[in-house]
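Here the structure is laid out as structure tokens; the discussion comes afterwards.
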């Protein structure tokens with residue numbers, strides 16, 4: 001497991017460093033062109049690109065901790081640190097959206113001169129570059145199951161999406177310079193999109209930190225797998241805990257009360273192996289053995305049967 005964590009950390013770091021380079025170039029271009037060609041929307045978009053550097057830094061620092069192997073103080077590993085980094089990125093996006101909206105509202109009563117065409121070109125370049133960066137980062141995030149890297153991928157996409165209204169607003173303001181409020185409207189649209197994106201990242205992270213369980217479908221699948229193992233009469237009390245992108249499962253299975261301890265243990269091992277093999281995001285399963293008792297049971301032959309199986313079988 002530690003080797004897997006190490007490989008994941010290497011991928012996350014590599015992808016994030018590429019993002020750092022792209023963000024530095026794009027934020028510099030957008031801020032420079034926004035200032036030179038009087039575009040509040042492009043300046044706001046440039047600030048958003050600059051904020052990506054903070055989330056990149058959070059991941060580069062955080063991955064060293066959440067990828068560490070379990071220890072005595074953290075027997076379930078350090079995956080919650082990744083969740084905290086995801087929350088940090090979400091809150092950061094929300095804060096950026098607030099200040100962009102605040103500046104846009106100011107521009108309504110203090111209109112600026114119409115932006116120049118090069119500002120629209122800079123926004124177009126950002127759209128293409130950040131969408132390509134999103135696609136690549138999201139693909140890598142899914143490969144290594146990293147919520148923080150996936151959140152950062154969406155931070156890249158939010159930058160690409162925010163550049164679309166920025167491009168349209170700058171182009172419209174360039175073509176119709178008398179309509180001075182268009183640039184400010186573009187900045188407000190950017191802010192609204194960023195705020196929605198922050199909520200989409202923050203809410204799942206909060207659910208995870210509050211120890212919300214797995215989905216109903218996952219519970220159903222776990223029950224089906226456990227009940228299908230020969231020797232298991234029933235399964236119940238299934239619980240889950242999500243740490244980072246991994247799930248820790250515990251459940252109770254009922255077996256023939258006349259079964260010896262060794263056989264019952266082997267059945268529990270089989271249940272654990274099958275559940276983990278079927279669901280790669282489940283990293284550990286704890287199985288509790290219970291005797292299968294029914295009020296209508298009168299002899300050992302009946303006790304030894306399983307649902308759907310007659311004593312003669």
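The values are calculated or read from the model by the stated rules, or taken from the named source; none is laboratory data. Since we're looking at a predicted model, the values are computed, not measured. Here Cβ is always computed from backbone atoms with ideal geometry, including for glycine, and neighbour counts include all displayed protein chains.
Of everything in region 36-55, what is modelled with pLDDT of 75 or more, farther than 18 Å from residue 89 by Cβ and in a helix (DSSP H, G or I)? Give them in sequence order.
36, 42, 43, 46
Which members of region 215-237 meet the condition of being without any contact (Cβ under 8 Å) to a residue 24 or more places away in the chain and under 24 Å from the mean Cα position of the chain (by Cα)?
Within region 215-237, 215, 216, 217, 219, 220 meet the criteria.
Kindly list the number of the only condition in (1) within 24 Å of residue 32 (Cα to Cα); (2) assigned to a helix (DSSP H, G or I) that fails for residue 141.
Of everything listed in (1) within 24 Å of residue 32 (Cα to Cα); (2) assigned to a helix (DSSP H, G or I), residue 141 misses just condition (1).
Please give the number of the condition residue 178 fails out of (1) over 23 Å from residue 82 (Cβ atoms); (2) buried (at least 18 other Cβ atoms within 10 Å of the Cβ).
(2)
Would you point out which residue out of 201, 251, 209 is under 23 Å from residue 8 (Cβ atoms) and crowded, with 21+ Cβ neighbours inside 10 Å?
Working: 251 fails: under 23 Å from residue 8 (Cβ atoms); 209 fails: crowded, with 21+ Cβ neighbours inside 10 Å.
Going through 201, 251, 209 in turn, the sole match is 201.
Only residues that are outside any helix (DSSP H, G or I) and in contact (Cβ under 8 Å) with a residue 40 or more places away in the chain: list them for region 179-214, please. Break it down into steps so the answer makes sense when it comes.
First, the residues of region 179-214 that are outside any helix (DSSP H, G or I): 179-181, 210-214.
Within region 179-214, 180, 181 qualify.
Going by what's in this entry, would residue 276 be described as without any contact (Cβ under 8 Å) to a residue 24 or more places away in the chain and in a strand (DSSP E or B)?
Numbers: without any contact (Cβ under 8 Å) to a residue 24 or more places away in the chain: yes; in a strand (DSSP E or B): no.
It is false that residue 276 is without any contact (Cβ under 8 Å) to a residue 24 or more places away in the chain and in a strand (DSSP E or B).
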